[in-house]
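Here the structure comes first, spelled out in structure tokens, and everything after it is commentary.
The values are calculated or read from the model by the stated rules, or taken from the named source; none is laboratory data. Being a predicted model, the structure only gives us computed values, none of them experimental. Virtual Cβ from ideal backbone geometry, glycine too; neighbours counted across all protein chains shown. In case anyone asks, the SASA skips ligands and DNA or RNA and just uses the protein heavy atoms, side chains included. Shrake-Rupley method; radii C 1.70, N 1.55, O 1.52, S 1.80 Å.
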Amino acid sequence: MPDSKIIDIRISDIRQLFNSLDPSPFHERDLDREAEEFIVGWADEYPLQSPLELVIRVPQEQLDQARQSNIQQAVHNYFAYRAVASARRIRFQLREGRFALVIGLAFLATCILLRQLAGSITPAPLQQVFREGLLILGWVAMWRPLQIFLYDWWPVRHYGRLYRKLATMKVSVLAV
């Protein structure tokens, strides 16, 4: 790829790349957590538009085994799965946000109604404190839905896009 950004990994054993607790064949296995963090961390350093290439360097005696194990497919499958999981997480967060918004609006409306009632019931000195407290309490109830809709989904979307990119990057296995 022209102008590809290279993510270079040197490992002493091909098994370091995969989760040792996952009994699946290489092309279906989860990446090791540290390997994933390394790859994602480096990929996140580059602009999202830049093409990437993952170069995995193994000892010469493991080169044939590494090439036969179809590491490229395993890496692509893993990051494609992570991209789907990110999309699912965004849908869940937005559903949670809608639910929190309904609750927040109902609570805010209740606080506003109680605020109106408090104006006619409590004595004047306490009336202002109680009314303002209810108004603040109602708006605080709106904090979580607004946080979800304005801020929480952006990082998940970013990593979903990054995972989709990693799911299509070129993967090469070379000898150290």
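Observations on the structure shown:
- Taking the listed residues F149, F130, the one that is outside any loop (DSSP other than H, G, I, E, B), under 30 Å from A43 (Cα atoms), touching a helix residue (DSSP H, G or I) at 6+ places or on another chain (Cβ under 6 Å) and among the aromatic types (F, W, Y) is F149, with no other qualifying.
- When segment 1-16 is limited to residues that are open to solvent by 60 Å² or more (accessible area, probe 1.4 Å) and modelled with pLDDT of 90 or more, the one that is farthest from the chain's Cα centre (by Cα) turns out to be R10.
- Matching residues in segment 134-146 - criterion: being loosely packed, with under 14 Cβ neighbours inside 10 Å and either out of contact with any helix residue (DSSP H, G or I) (no Cβ under 9 Å at 6 or more places or on another chain) or not aromatic (F, W, Y) (or both): I136, V140
- Screening R161, R144 for residues that are closer than 20 Å to S86 by Cα and within 26 Å of the chain's Cα centre (by Cα) leaves exactly one candidate, R161.
- Checked against (1) outside any helix (DSSP H, G or I); (2) small (G, A, S); (3) touching a helix residue (DSSP H, G or I) at 6+ places or on another chain (Cβ under 7 Å), S50 passes all but a single condition, namely (3).
- Residue among N19, N70 that is farther than 30 Å from P155 by Cα and either modelled with pLDDT of 95 or more or surrounded by 15 or more Cβ atoms within 10 Å (Cβ to Cβ) (or both): N70
- Subset of segment 92-102 that is among the hydrophobic types (A, V, I, L, M, F, W, C) and touching a helix residue (DSSP H, G or I) at 6+ places or on another chain (Cβ under 8 Å) - its residue that is surrounded by the most Cβ atoms within 10 Å (Cβ to Cβ): A100
- Looking at F107, F149, just one residue is farther than 30 Å from E53 by Cα and under 17 Å from the mean Cα position of the chain (by Cα), and that residue is F149.
- Within segment 56-97, the residues that satisfy the criterion of being under 18 Å from N19 (Cβ atoms) and not in a helix (DSSP H, G or I) are I56, V58, S69, N70.
- Residues of segment 147-163 satisfying the condition of being open to solvent by less than 80 Å² (accessible area, probe 1.4 Å) and either free of Cβ contacts under 8 Å to residues at least 12 places away in the same chain or under 15 Å from R91 (Cα atoms) (or both): Q147, I148, F149, D152, W153, P155, V156, H158, G160
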